[in-house]
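*Asks:* Got a structure here, written out as structure tokens. Questions coming.
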Amino acid sequence: LPLSGKRSSLVWTERRAEAARIVALSDEEFHSELEQRFGLHLGEVKALDKPRAFPLSYFVARSFIAERLALVGDAAHVIHPIAGQGLNMGLKDVAALAEVVVDAARLGMDIGGADVLERYQRWRRFDTMAMGVATNSLNFLFSNESTLLRTVRDIGLGLVDRAPPLKNLFIRQAAGLTGEVPRLLKGEAL
């Protein structure tokens, strides 16, 4: 995941035992392991922080709302970080909730009322579930040892790379620019 300057945040997915081994490595051993696994195609790689391990999970709250309460971001959903979508989804949640609240206030409605919060929940729940399924599927495709699945994955990635309209669709989806996009995320004022 790109950061400012020539820095990136790396999400490295491993089985628990292998993750524990990697996290326990010395700085020099970790650097060697990182170079071996990541390669040097982008230049020299240097870890700026100690590696940390977190168990991966998929969770979506049964409800994003309660009485005068709305859940956003990781409070509402936890997805696999393979596509780096957690922050994007949280920003989309906040933008959608802000839009719903502002629209309700303009109409003189109770901004914490059940009907207002229900609109937010309907808006964000399907998108959240779809992204959860997508990230879990990507994780399955990329972590699987099956020769058949790896071949299908590689062919699929090659086809997407050679089909600009399809590639652009996936990029727009990953950026949160498909479906009902909140006005704030389109750069529009509320």
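The values are calculated or read from the model by the stated rules, or taken from the named source; none is laboratory data. As the structure is a computational prediction, the values presented were derived from the model and not from experiment. Counting neighbours? That spans all protein chains shown, and the Cβs are built from the backbone with ideal geometry, glycine included.
This table checks each residue for (1) among the charged types (D, E, K, R); (2) over 17 Å from Leu190 (Cβ atoms); (3) modelled with pLDDT of 95 or more.
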position	(1), (2), (3)
Val72	no, no, yes
Lys92	yes, no, no
Val101	no, no, yes
Gln121	no, yes, yes
Val133	no, yes, no
Asn136	no, yes, no
Asn144	no, yes, no
Thr147	no, yes, no
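*Asks:* Continuing with this model, one more query. Would you be able to tell me the number of residues in segment 144-170 that are of a type in the set (A, V, I, L, M) and either in a loop (DSSP other than H, G, I, E, B) or surrounded by fewer than 11 Cβ atoms within 10 Å (Cβ to Cβ) (or both)?
*Replies:* Qualifying residue count, segment 144-170: 3.
*Asks:* Restricting to segment 11-57, count the residues that are within 22 Å of Gln85 (Cβ to Cβ) and surrounded by 12 or more Cβ atoms within 10 Å (Cβ to Cβ).
*Replies:* 9
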